[in-house]
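Peer 1: Pasting a structure below so you can have a look.
We did not get these values from a lab; they are worked out from the coordinates using the rules stated. Since we're looking at a predicted model, the values are computed, not measured. Positions of Cβ are generated from backbone atoms using ideal geometry, with glycine treated the same way; all protein chains shown enter the neighbour counts.
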Amino acid sequence: MAKTIAEINDKIRQGQAVVVTAEEIIEIVANKGAAQAAKEVDVVTTGTFGPMCSSGAYFNFGHTKPKIKAGGGTALLNGVPAYTGWAAVDLYIGATALPEDDPRNKIPPGEFSYGGAHVIEDLLAGKDVRLQIEAYGTDCYPRKHLDTLINLKDLNEAVLFNTRNAYQNYNVAVNLSQKTIYTYLGTLKPNLGNANYCSAGQLSPLLNDPYLKTIGLGTRIWLGGGVGYVAWQGTQFNPHAPRLDNGTPKRPAQTLAVIGDLKQMKAQWIKGVSFVGYGTTLNVGIGIPIPILNEEIVKCTAVKDADITCAVVDYSEAYPQGKADVLGEVTYQQLKSGEIEVKGKKVPTSGISSYKNARVIADDLKEQIKKGKFLLTEKVADLPSAEQAPNFKPLNERPFKRGK
């Protein structure tokens, strides 16, 4: 018999909801079958914690005396450029923003970047951050210079707004070339010296609801240790990726744009990361509750690492040259074993997302729901289906020709 989110929320309020993690549901379905599991279980919690470049925060720092118009000027936060083109005292800082003197291109390793992601983490940690603004001055906003310290508790609003998070599957990166290369998936040793991947696999939110039956606009989520919401489909949203019979995609597929109050979050779950030779990114913790409305949904949440595959891609060719030939496919069970085989060679693997922390997130969300502290939401609209979404495609470059 099908359930509704309203019915599940009533059980949560009464302390009667049966909540398990995406790890725990695997054994329940194996022992009792999907039909019985769907009757007994109300919510399955998921989690992921890893680098998500398309992240950032916007905030309002309040009017100065006399007033200043940051918009159209320049702003630095601990030396990192912030975007000013919104209004007088609103700023946005992206996770990958870097200062002019950043050592990102200084190799060999040992040089680490400090960027927008670290500024966000420092604010969350309660540290003072230096704000410098150079403005052009107007009659209504005459001030031209500002150099001050700001703190998260003093900001009028501070909002984490990430435009591409929780990727539904991703590549395994290897390096076929003769030299070490430095990428957003970490350092890749030459001659298939290592293989890096980035997913929580069987705990990952969108792999537990592969067709987004329960996730959409307005879905309440665990975000950075606080509460957030799905705001839109993420950029590079691609429901056209080829899928296995269980619905999970074999290639990078759907993504989420998420939003939440930064002041509710914790630095433990929003952490700046530096990749040598690449720059900075933000480690983001996300947990999404999957309401078990029917047997179809519980089957999806019971997916195992052995049942999820991803593509092995050579990053020495795929990214500099725009080639994306797949060298093979492997399961997350194989990846987590510590070794895969590529072109007949045994290659050690390393996950740059944290499965341990993904488990902590899923457990924390589970406990919050069981205690009635976290209710589920009905999505107000679906995210685009394969029939609705355009195919994700590369830029069609057209040379600029100056007119006469």
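Peer 1: Given the range 1-145, what whole percent of its Cα pairs are spread farther than 27 Å?
Peer 2: Considering the range 1-145, 52 percent of its Cα-Cα pairs are separated by more than 27 Å.
Peer 1: Oh, and also: Taking just the C-alpha trace of the range 254-384, give me its Rg and Dmax in Å.
Peer 2: Both quantities, over Cα of the range 254-384: 18.5, 52 Å.
Peer 1: Here is a further query. Which number gives the lysine pairs in the range 56-159 that have C-alpha atoms under 19 Å apart and are eight or more places apart or on different chains?
Peer 2: Numbers: LYS65/LYS144; LYS67/LYS144; LYS69/LYS144; LYS127/LYS153.
Lysine pairs meeting the criterion: 4.
Peer 1: For the chain, count the residues as N, evaluate 2.2 N^0.38 Å, and divide the Cα radius of gyration by that value, please.
Peer 2: In units of the globular-protein estimate, the chain measures up at 1.05.
Peer 1: Now a separate question. Treating only the Cβ of Lys, Arg, Asp and Glu as charged (+1, +1, -1, -1), what charge dipole size does the chain show about its Cα centre? Round to the nearest 20 debye.
Peer 2: Around 620 debye, computed over the chain.
Peer 1: Quick check: residue separation of ASN156 and ARG398 times 0.36 nm, minus the Cα distance between them. What number comes out in nm?
Peer 2: Working: separation 242, 0.36 × 242 = 87.12 nm, distance 4.32 nm.
That works out to 82.8 nm of additional length.
Peer 1: Go ahead and estimate [θ] at 222 nm for the chain from helices alone: -39,500 (n - 2.57) per DSSP H run with n ≥ 4, summed, over the residue count, rounded to 500.
Peer 2: -4500 deg cm²/dmol
Peer 1: Going out from 0 in 10 Å bins, what whole percent of all Cα-Cα distances in the range 290-349 drops into each bin?
Peer 2: Bins of 10 Å from zero give 20, 35, 25, 16, 4 percent of pairs.
Peer 1: Let me ask another. Write out the trypsin sites (Lys or Arg not before Pro) in the range 149-179 meeting two conditions: DSSP loop, and at most 15 other Cβ atoms within 10 Å of their Cβ.
Peer 2: Passing sites in the range 149-179 are LYS179.
Peer 1: Would you kindly work out the equivalent ellipsoid of the range 115-264 from its C-alpha gyration tensor and give its semi-axes, the square roots of five times the eigenvalues, largest first in whole Å?
Peer 2: Numbers: eigenvalues 267, 113, 42 Å².
Over the Cα atoms of the range 115-264, the ellipsoid semi-axes are 37, 24, 14 Å.
Peer 1: Same structure again: What's the extension gain from GLN236 to THR64 if we count 0.36 nm per residue and subtract their Cα-Cα distance?
Peer 2: 58.0 nm is the gain from fully extending GLN236 to THR64.
Peer 1: Please list 82-93, 191-202 highest first by mean number of surrounding beta-carbon atoms within 10 Å per residue.
Peer 2: Sorting 82-93, 191-202 by mean packing, highest first, produces 191-202, 82-93.
Peer 1: Moving to a separate point now. In whole percent, what relative contact order does the range 278-404 give with Cα contacts below 8 Å and a gap of six or more residues? Kindly include the intermediate steps, with their values, before the conclusion.
Peer 2: Values: 79 pairs, mean separation 22.7, N = 127.
Answer for the range 278-404 is 18 percent.
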